[in-house]
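Chemist: The structure's right below; bear with me while I get my questions together.
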Amino acid sequence: MKQKLAVTAILMIIAGFGMIHSTKGLMEIVSLLLIGTGTAYLLFLLLSKKQQDNRPDKD
């Protein structure tokens, strides 16, 4: 599930960069939201993975 969401986040970022220089103001806002949402989710995945790696095992 995380892999599918990560791929979706990457596609959102790519679509956002494709639309960022549109002539319409609304499309620029949408593109910034796509880039921001995708980036935030990828950062969340990175930080949550880092916290899981730092936990000591209880053996």
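Since every read-out is calculated from the coordinates, none of them should be taken as a lab result. For clarity, every value in this text was computed on a predicted model and none was experimentally measured.
Chemist: Please give the per residue volume of the convex hull enclosing the alpha carbon atoms of the chain, rounded to a whole number of Å³.
Modeler: Taking only Cα atoms, the chain has a hull volume of 68 Å³ per residue.
Chemist: Counting only helical runs of four or more DSSP H residues, what would the 222 nm mean residue ellipticity of the chain come to if each run contributes -39,500 (n - 2.57) and the total is spread over all its residues?
Modeler: After summing the helix terms and dividing by the residues of the chain, the value is -28500 deg cm²/dmol.
Chemist: Can you give the relative contact order of the chain as a percent, counting alpha carbon pairs under 8 Å and 6+ residues apart?
Modeler: Answer for the chain is 34 percent.
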